[in-house]
Amino acid sequence: MKKLFVTATNTDIGKSYSCEKLLEKFTDRGYRVGYFKPFETGVDTYPIDGTNLLKIAKKLNREFDFDIDEVVPYQFKLSASVYVAKKDIKIDFSILEQQIKKFEKTCDILIIEGAE
């Protein structure tokens with residue numbers, strides 16, 4: 001499985017839009033796609049960007065049958081950088097590695113969206 005990391009500074013800069021277009025383009029070229037957003041900030045009831053992109057990934061690749069908590073494992077209420085939004089929560093990077101391993105079985109290309 002190939003992994004493509006999409007990142008940029010600031011919010012509303014086009015990271016999620018770019019991920020959507022990459023998912024569509026790789027699907028058009030015959031690849032099974034997946035999506036992963038390890039962190040999402042500004043989450044009130046559910047991660048909006050992660051949920052939207054997960055729906056697209058599932059539509060494009062029926063094998064990518066994961067729930068939002070697997071695709072966005074760290075969700076923070078504060079709309080700020082992850083470093084600030086996480087407060088005292090310790091990030092366990094082994095959880096992120098485990099999720100990526102789960103995705104490997106279902107996709108050829110995994111689009112990973114970074115957070116500013």
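The values are calculated or read from the model by the stated rules, or taken from the named source; none is laboratory data. Please read all numbers here as calculations on a predicted model, not as lab measurements. Just the protein is used for accessible areas: all its heavy atoms, side chains included, with ligands, DNA and RNA removed. Shrake-Rupley method; radii C 1.70, N 1.55, O 1.52, S 1.80 Å.
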Turns out the strands (runs of 3 or more DSSP E) fully within segment 18-116 with at least 1 residues that are at pLDDT 95 or above and open to solvent by 50 Å² or more (accessible area, probe 1.4 Å) are 74-76
Please work out which residue is nearest to V72 (Cα to Cα), limiting yourself to segment 1-17 and to residues that are of a type in the set (S, T, Y) and open to solvent by 90 Å² or more (accessible area, probe 1.4 Å). Y17
